[in-house]
Amino acid sequence: MVEVCYLLQARLGHHQARHFLQRLIDSPIEFEPVRKTDLPRLHQILEQYASAELDFVDASIVTIAERMNIQRILTVDQRDFRMICPTHCAYFEILPNRCKMTSVFITLQDYPHEIRCPILSIVPNCPANLL
């Protein structure tokens, strides 16, 4: 969520970031926070991938995915998630395989099943016009 808003503002302007947030108010998307109990694992991931300079947000996503047994990650940051070895599965399935920031939400309607992203839960038939 934080990175999506940052990228929207940086690439498309403040108005688009505000529009995105407005659309989330009545959307079916749910948010999962980092919990205090996640901090030891989060720190461990940051230590383990220190040489790659994995950032806090990506380590948080991994930690939440492990806690919630989520194996599919919706991201535009393919490199970091492909190098991580999660504890609950052999590897993450990265969705979509290739994307641009402006097409991430449009791509969601192409998946007939539920896609769970650690920061958001994206339900089937999620509106493609969140942007």
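All of the numbers you see were taken from the coordinates with simple rules; none came from a lab. Just so we're clear, the structure is a prediction, and the values are computed from it rather than from any experiment. Here the Cβ positions follow ideal geometry from the backbone for every residue, glycine too, while neighbour counts run over all protein chains shown.
A Förster distance of 22 Å, applied to the separation of the beta-carbon atoms of LEU39 and VAL2, puts the FRET efficiency at 0.80. Each other residue within a Cβ distance under 9 Å of ASP80 adds +1 if Lys or Arg and -1 if Asp or Glu, for a net charge of -1.
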